[in-house]
1. Name every residue in segment 56-77 that is modelled with pLDDT of 95 or more and of a type in the set (S, T, N, Q), in order of residue number.
2. Can you tell me which residues in segment 7-22 are surrounded by 15 or more Cβ atoms within 10 Å (Cβ to Cβ) and within 12 Å of Ala64 (Cα to Cα)?
3. Look through Asp32, Asp53 and report the one residue that is of a type outside the set (A, V, I, L, M), surrounded by 11 or more Cβ atoms within 10 Å (Cβ to Cβ) and at pLDDT 90 or above.
Amino acid sequence: MVLGFSIALIVFSLLLMLLVLMHKGKGGGLSDMFGGGMQSSVGGSSVAERNLDRITVVVGLLWAVCIVTLGVMMKSG
C-alpha cells in the first residue's frame, strides 16, 4: 500500500510540475524561460486557461492527500 501511494506521489509531483510550467507567465520568472513571456493575441482568461487552473488545483489537492496519507501510514505502521 505504501508503495502504491509512493508511486502515485511521484506521478502527481511530475504532473504538477508540468502543469505549473504550462501556465502563462504574469511577469518575469521561470515561465518566461520556456516562452511564457510572449504576448497572446487574445486578451483575458480563455477557457483553456481556466481549465488548466482547475486541473492544477485538483492535481495539487491529490498530491497533498497522498503526502498526508503516506505520513499517516508511515507513522502508524
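1. Matches in segment 56-77: Thr56, Thr69.
2. Ala8, Leu9, Phe12, Leu16
3. Numbers: Asp32 fails: at pLDDT 90 or above.
After ruling out the rest, the residue left standing is Asp53.
The values are calculated or read from the model by the stated rules, or taken from the named source; none is laboratory data. On a predicted model such as this, the values are computed, not experimentally measured, just so you know. We place every Cβ from the backbone using ideal geometry, glycine too, and count neighbours over all the protein chains shown.
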